[in-house]
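Working notes, structure below.
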Amino acid sequence: MTAWENAAENPALGFIDEVLRGCGQVMFQNSPITGLLFFIGLFAGGWEFGAYAVLATAVATATAHWIGVPKGLIKAGLYGFNATLVGVGLAFYLDNDWLLAVYVVVGAIAVVFVTAAMANFLGAWNVPTLTAPFVVTTGLMTAASFGFSELNPSSFSPAASLPVYGTVAGRESLSASDLYHGLFNGVGQVFFQDKIVVAVIFLIAILASSHLDCMMAIIGSAVGIGTAYALGVPADSISLGLQGYSAVLTMMALAGLFYVLQINSFIVGIIAAALTVVVASALTAIVAPFGGHIFTAPFVIVTWAFIAASPFLENIQAVKPADATTVEGNINVYRKSPHWWDKRRPSDA
Amino acid sequence: MTAWENAAENPALGFIDEVLRGCGQVMFQNSPITGLLFFIGLFAGGWEFGAYAVLATAVATATAHWIGVPKGLIKAGLYGFNATLVGVGLAFYLDNDWLLAVYVVVGAIAVVFVTAAMANFLGAWNVPTLTAPFVVTTGLMTAASFGFSELNPSSFSPAASLPVYGTVAGRESLSASDLYHGLFNGVGQVFFQDKIVVAVIFLIAILASSHLDCMMAIIGSAVGIGTAYALGVPADSISLGLQGYSAVLTMMALAGLFYVLQINSFIVGIIAAALTVVVASALTAIVAPFGGHIFTAPFVIVTWAFIAASPFLENIQAVKPADATTVEGNINVYRKSPHWWDKRRPSDA
Amino acid sequence: MTAWENAAENPALGFIDEVLRGCGQVMFQNSPITGLLFFIGLFAGGWEFGAYAVLATAVATATAHWIGVPKGLIKAGLYGFNATLVGVGLAFYLDNDWLLAVYVVVGAIAVVFVTAAMANFLGAWNVPTLTAPFVVTTGLMTAASFGFSELNPSSFSPAASLPVYGTVAGRESLSASDLYHGLFNGVGQVFFQDKIVVAVIFLIAILASSHLDCMMAIIGSAVGIGTAYALGVPADSISLGLQGYSAVLTMMALAGLFYVLQINSFIVGIIAAALTVVVASALTAIVAPFGGHIFTAPFVIVTWAFIAASPFLENIQAVKPADATTVEGNINVYRKSPHWWDKRRPSDA
């Protein structure tokens, strides 16, 4: 037990520990140091991102305590990460005035119930909620601003429009700058950030918890870039990291976290990460007519499909969400006891 | 056993009893007198609303008997209330000609199967269908009219359009007339009605079954008004009751029906009722491009989330849907036996 | 055991057998001869439909083996039919260049995981995936082309647009030619085909496996035409078979396959087949703003509802998906042992 873990026995410090772990779980790390660095990165990206992230994570953690969510789940940060993203997402897509703070608090409370509801539904198949509670809550709360005079869209919220074929003229060549910007920003955009320095802080944050998770994040970002280039996505979008963030999370989730890292799960992770680029493009067209945002929905949809498929996939070793730690952690447990998760496999029909 | 319950042993009267209870369940009341008053209120609102409501409820009840739905469910009106709303909803959004009557009959048959399907899916988590079968069935049947020459939209069906930011100029002050119209119409709009007299009949109908349910309905309507005002919804919409009807149903469902009424469930009910205003505004934007209607979807979505969350919420006492009666009824059972519903709680991870 | 079944013990021939059965399952037939004739019909419709169908089915079958899907499921063709449709669907809605072949391969791999995921979710209620994996996968992959310069829509992909009321002027009379074209093309359009000769090949393919399944397909097509005419769908759409293909699949699924063919299931099949016309019109409006396609979604949605409802329907004999064979096959098993599937019936509340 580390000194911090000892200190966190104190209620006040324990609450801070939970908030930090909540933030760390945005990229699957049950680690207060990762969460702390994520918050620092957010403040480096803009004070409002850091402030609303802290506010939302704290409110959600407190709400979870009030309403009686099992303490072990709160302690692991599982009732914090969606709120962190609600805070940042609302600050990104809505104008910043005093009502926004109230709105973030409401969103942080709501996402606790949405998380519990989804966890209850999906738990029947050992499928984790991932960031779906954030996607749904923030998606509805931003779309709602059409009807409210007191909440206005930020400059990042495009007008509602019909998607048009042929707006992408042809495959654009990528400069070296596009490539490394895209590679780093793919990580940064998990938190709506597009500055290299912020992405570097985020990568250090992950590295502090798991070397292999950090490596998978970078590989995922690269897969996103490669797929987007092959299909002819504009260079701007690639350089901003918009083609990589769902691929980052998907690669981390499948290549080592919810599947033990092996050659098959590595291949599956790459396939899935590539598919997020397709799903992202599709969802962007689908939500355009109501001015919607896709958030991390491509990651959620693709990763759900690949995790939910696991009972039918004999040649790939799934990890029960409640047991998943890090790529290294899962490998260690698996080496000691290769069948620690008895798959609920369907009978051979 | 009352005289009516005795009389309802007769097959024909028993069928009428089921139809009346079916209508009563629109606002959660397993009571023939409530259902009768609801029908009377609908006729007061317009003969076509009353007539199609009776027709649809009767057809659905008969269909449920034909296909073999468990008699206890039919008896409790649980296969009627969605059909009641299908009848009123189709009459509201489509032009009234002879084909509409056929269409209502088809919708009433269809909604029986949709209800059974949803009950099967959601039953795995003890989550009730609420009015989702109505929302889905009527939503599809009204959207379908775009492709049919023989079914035309009524004047209440707006053309498909892209939502536009900034159409709401600023927060509008509410007159006393707006306030009391909004308060009553919030109840009336559960059935698409916007006349005070109709809402009063509906409130008396609920009162005949449960004083506390009636109180929660009024509180819900008030919460809807307050939230809509705070966020800057136009006064017209508030006065028509369009910001209140989902809040009414949500407050009733959570503050006493599917949770035992206690301080926590009361607070949760108010939070949830307020959230319906946000979800309603979001869904309105989302369905605008295909000229869709949101019906009671905000109530369904928000209430599902809060009910489905219950196994993870220790400080709030859920009531199994099959056991739920009225606010008073639940309290009485709970006082006698505080743990009569053993929650399927997840293990503390 | 037939000579072919003997030959299929050989791995290479066994793989071909699986691919053929995979194609046959598009219309519920676990039969290599049906699948072979379906492929022939597709080549008769256009070389690209046949070629991409074979490619996709083969890739999906190989992927299923690689990742370890239970062999019995692959052998029955259950991991092939969605891929067959992915191949044909992408070839139909996207321009045919070399990248399309890669895209079809990716789609065929993806749909294996999507199928397994949906099978896992829906298996909890004994509800089959039907063609939902195809609808979702192809729906996303075609919508994605808005964002990619290297994949372009074919002439069958309309621009995104808002649906408009009143575009259908009035009920159009149907000529004899419209009627028989509509009747046959209703079957052909299951595979996106609109030539009589192709539909005839398809019907022979079904006939080779089951006379009653073939009859239900034709009845379904007729129900689709009748319903569409009654509601006022343009004659062109009816003649092209666009009002019939979901009705064909729904009638086959409910009137004999997932319900034992009896008078009640026959009536239910007709009601459900008629409803697919309504759902198709609704979905067409809903997806218009993002230029979407509805594929066999009307069949999936309506059939899911009617199958999922079964535990609540005492007067109709459901067949567990894993046990379903053909209309005749189910009847034979049922006659020998009327209660071979103990319904998971809800207790009478």
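Within the straight-line cut-off of under 18 Å between alpha carbons, the aspartates and glutamates reachable from A:Lys336 are A:Asp323, A:Glu328, sequence neighbours fewer than 8 places apart in one chain being disregarded. Sorted shortest first, the distances from the C:Phe43 label point to those of the same residue in the other copies are 7.0, 7.0 nm; each point sits 7 Å from Cα along Cα-to-Cβ. Given axes a ≥ b ≥ c from the Cα gyration tensor, I'd like to know whether segment B:71-180 is rounded (a/c under 1.5), prolate (a/b larger than b/c) or oblate. Oblate.
Translational diffusion of the protein assembly as shown, estimated by Stokes-Einstein from the Kirkwood radius over alpha carbon pairs at 20 °C in a medium of 1.002 mPa s, is 73 µm² per second.
From the square roots a ≥ b ≥ c of the eigenvalues of the alpha-carbon gyration tensor of segment B:108-173, which class results: rounded (a/c under 1.5), prolate (a/b over b/c), or oblate? Verdict is oblate for segment B:108-173. By its C-alpha gyration tensor, with a ≥ b ≥ c as the square roots of the eigenvalues, how is segment B:165-280 shaped: rounded for a/c under 1.5, else prolate for a/b larger than b/c, else oblate? Note, shape of segment B:165-280 comes out oblate.
When chain A is turned onto chain C, the axis of that turn runs closest to one Cβ of chain A, and that residue with its distance in whole Å is A:Pro289, 2. Of the residues A:Thr138, A:Thr325, A:Thr296, the one that moves most in a GNM of chain A with alpha-carbon contacts below 10 Å is A:Thr325.
I'd like the distance between the alpha-carbon centres of segment B:225-250 and segment A:223-288, rounded to an integer number of Å. Measuring centre to centre over Cα atoms gives 41 Å.
Once all protein chains are placed together, A:Phe81 keeps about 20 Å² accessible to a 1.4 angstrom probe.
Where the centre of each part is set by its Cα atoms, how far does segment C:1-22 sit from segment C:308-326, in angstrom? Here the two parts' Cα centres lie 30 Å apart. Projecting each Cα onto the charge dipole of segment A:1-153 (Lys/Arg +1, Asp/Glu -1 at the beta carbon, about the Cα centre), which of A:Gly35, A:Leu151, A:Val102 comes out farthest on the positive side? Farthest towards the positive pole: A:Gly35.
Measuring between their Cα centroids, segment C:171-194 and segment A:174-203 lie 54 Å from each other.
Longest stretch of chain A clear of exposed loop sites (GluC sites (Glu not before Pro), DSSP loop, at most 15 other Cβ atoms within 10 Å, sites excluded): A:10-313. Buried surface for the B/A pair, taken as the accessible area of each chain alone minus that of the pair with a 1.4 Å probe, is close to 3700 Å² in total. Over chain B, Cα pairs under 8 Å with separation of 6+ residues give a relative contact order of 16 percent.
Legend: residue pairs C:Lys71/C:Lys320; B:Lys75/C:Lys320; A:Lys75/B:Lys320, Cα-Cα distance threshold 22 Å; pairs beyond threshold, B:Lys75/C:Lys320; A:Lys75/B:Lys320.
Burial here means at least 30 square angstrom less accessible surface with every protein chain in place than with the chain by itself, probed at 1.4 Å; in segment A:297-330 the buried residues are A:Ala305, A:Phe306, A:Ala308, A:Ala309, A:Phe312, A:Leu313, A:Asn315. Once C-alpha pairs closer than 8 Å and six or more residues apart are averaged by separation and normalised to the residue number of segment A:233-319, the relative contact order reads 35 percent.
For the protein assembly as shown, the solvent-accessible area of protein heavy atoms averages 34 Å² per residue (probe radius 1.4 Å; ligands and nucleic acids excluded). Taking every C-alpha pair closer than 8 Å and separated by at least 6 residues, the mean separation divided by the residue count of segment B:49-175 gives a relative contact order of 28 percent.
Taking the accessible area of the protein assembly as shown, probe 1.4 Å, and keeping the other protein chains in place, the carbon and sulfur fraction comes to 66%. Placing a label point 7 Å from the Cα of C:Ile263 along the Cα-to-Cβ direction, the distances to the matching points in the other copies come to 6.3, 6.3 nm, shortest first.
In a simple Cβ point-charge model (Lys, Arg +1; Asp, Glu -1; nothing else charged), the protein assembly as shown has a dipole of about 1640 debye relative to its Cα centre. Only Lys, Arg, Asp and Glu carry charge here, each on its Cβ (+1 for the first two, -1 for the last two); on that basis chain B has a dipole of about 680 debye about its Cα centre. Rounded to the nearest 20, the Cβ-based charge dipole of segment A:1-152 about its Cα centre (Lys and Arg +1, Asp and Glu -1) stands at 340 debye.
Interface burial in segment B:50-89 reaches 30 Å² or more for B:Trp66, B:Ile67, B:Gly68, B:Pro70, B:Gly72, B:Leu73, comparing the full protein assembly with the chain by itself; accessible area from heavy atoms with a 1.4 Å probe.
Projecting 7 Å from Cα along the Cα-to-Cβ direction, the label point of B:Gly170 sits 5.3, 5.3 nm from its equivalents in the other copies, listed shortest first.
Interface burial in segment A:280-296 reaches 20 Å² or more for A:Ser281, A:Ala282, A:Ala285, A:Ile286, A:Pro289, A:Phe290, comparing the full protein assembly with the chain by itself; accessible area from heavy atoms with a 1.4 Å probe.
The values are calculated or read from the model by the stated rules, or taken from the named source; none is laboratory data. These figures come from a predicted structure and were not determined experimentally. Cβ coordinates were reconstructed from backbone atoms using ideal geometry, including for glycine residues, and neighbour counts include every protein chain displayed. For accessibility, only protein heavy atoms count, side chains too; no ligands or nucleic acids. Shrake-Rupley method; radii C 1.70, N 1.55, O 1.52, S 1.80 Å.
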